[in-house]
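Throughout, read-outs are computed from the coordinates displayed, never taken from laboratory work. Bear in mind that the values here come from a model prediction, so they are computed numbers and not experimental data. Glycine gets a Cβ as well: all are built from the backbone with ideal geometry, and neighbour counts include every protein chain shown.
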Amino acid sequence: MYYCNLFSILFILSIVITNCVSLLDEVLKKAGDLRHKLKSAVRLKYEGPSDDVRYSSIKKLEYPGKDSEKLANLTDLWAEYYDCLQEQYDSLGYYKRISPIAILVLEDRNVHLECNLCQSPQQANNPVTWYRIDSPYGTPFEMTESENVVISQEDQLSIYRIEADYAGVYYCQTGDTRSNPYYLHVLGESEELIDVKPLTTPKGPYPAKDEQLYNNLIMTTTWTEWTQCSRCGKVGRKKKFGFCTIKAKNVQNISEKHLDQQLRIDVSTKTKGYLGFLWLFTDGLPCRSRLLPFWIRNNKQLMSRPNEIITAFCKVKCQDTIFEVKDKFGKIIETANNSAGIFSSLQGPPHVIPMISRATYYCPLNKPFTIICPGTEFIDAPIIWHVNRTIRIIPWMVEEDTKGRMHIDSRERLVFKRIQEEDARIYSCWQGNQIAGIVRVVVYESNAISIDHHIILFGIIIILSVFLYLFIRIYLNKTKAAALYSIFMLYIYLL
């Protein structure tokens, strides 16, 4: 009877843990829908991506009075708020813990974090603040906008061209309401990244299959969504990234004691890791995460498993930027196709076009060199390289034409194994039919620099030798003069 009850409890726990994953997705979706409705209710006028101006027909969140329409809207919003809270509570699982979300991103890429809060209509006007914790013992500090950090009107936090220093824990908060924390892991250049092909292609390499570790852990690949197409109106490229992830097959079988204790990183767990974190991260943890125990991160199977990337062709229609003006009833009264060069007087002065990022690289002849795009268009689209602004560099063709001396790697960088004089050109990188940066490459002979260095060193040695010789001569002359003076004074004394 005892074993039967124990088996029943474990079975129920496994069902609860499994349901937590799907419930978390439902909570995030419902919270996003609720916040979108609240935003549309309180915003009377706003500028969207196309600078269109819209007016709300009613102020949904005002005191309804006898207005049945406003009262119905408020009732629906409060009902959705309580539904969101109920689903959030159900997603806490057996141990009633908020599940953090692990996010992986390549260095120099973009990441977007949604603020999925169950926000009540009473808090609709409250400001939302993003916080970050960058170390195990650090305190949260507020995120502010900068050149590469943007907080949208929908309270989405976007970090462009992210660096390794941005790794940490992020969460948004309004009042006393806080979202699920994001654990952001940035994959640096040391992380291996290989190109793979879909299973539908006749030749590989193909994505790695799931592997089992220690009879309870699964090593799998977590795939991102497809990026935007690299260009519109023509055949372009899109990509998606696959990151190595560790998941617990049956979380209740993890042989760690005291899983109910406060989960924090202290001196002992900082180096050893803590297996109980897999209880919190229901979607898994990055294979190289420091939250995993060292004996897992040091596993040979795990260390040899690379991250992956898939490239596919795409073709999308170019979208026109249309400016629309609507009256208070939502009827369009004026349109202007900005893409065709037509603008409305209600748009105000045009935005100043930002300067194109430029960089000059001095490359030694016959040496390896890597060129990175110096700018970004703040969109999630692959980078296309051109010589000047006209000749497109096709990855597989340039590698074949140069016999492997030059290629574009998985991180979309221009890589030269041995740079030559003919490589001294002006290159441009593009995203979504827009130029993101310009690079000027100057090739110099490294031998000439080394010869000049030796000449300068030889000249310094000669000059120092001359000064040393003069110092010794002066010192010897002073000693000789002093001896003669002593003899002369002794002779005078004897007289």
What order, most packed first, do the peptides 139-146, 162-169, 99-106 have when packing is the mean number of other Cβ atoms within 10 Å of each residue? 99-106, 162-169, 139-146
If you take the beta carbon distance between residue 163 and residue 82 as r and set R0 to 35 Å, what does 1/(1 + (r/R0)^6) give as a FRET efficiency, to the nearest 0.05? 0.30
Evaluate the distance, in nm, between pseudo-label points positioned 7 Å from the Cα of residue 295 and of residue 212 along their respective Cα→Cβ axes. 2.0 nm
Please list, by residue number, everything in the range 345-365 whose backbone N is under 20 Å from a paramagnetic label point 7 Å out along Cα→Cβ of residue 446. 360-365
In nm, to one decimal, how far is the modelled label at residue 327 from the one at residue 458, with both set 7 Å along Cα→Cβ? 9.0 nm
Take the alpha carbon atoms of the range 337-449, find their radius of gyration, then divide it by 2.2 N^0.38 Å using N residues; give the quotient. 1.31
Treat the count of other C-beta atoms within 10 Å as a stand-in for reagent exposure and order 134, 108 from fewest to most. 134, 108
Quick calc: nm separation of the 7 Å Cα→Cβ label points for residue 178 and residue 154 -> 2.5 nm
Flagged as over-length at 21 Å C-alpha distance, from 239/367; 203/315; 238/315; 209/239; 239/300; 234/417, the pairs are 239/367; 203/315; 239/300; 234/417
Order of 308, 445 - criterion: other Cβ atoms within 10 Å of each residue's Cβ, fewest first: 445, 308
Want the number for residue 137 to residue 387: 0.36 nm per residue separation, take away the alpha-carbon distance, what's left? 85.2 nm
Within the range 230-250, the residues whose backbone N lies under 19 Å from a label point placed 7 Å from the Cα of residue 200 along the Cα-to-Cβ direction are 230, 235-242
Please report how far the C-alpha centroid of the range 144-168 lies from that of the range 184-246, rounded to the nearest whole angstrom. 24 Å
Please compute, over every Cα-Cα pair in the range 117-196, the percentage with a separation greater than 15 angstrom. 63 percent
By count of other Cβ within 10 Å, fewest leading, how are 378, 241 ordered? 378, 241
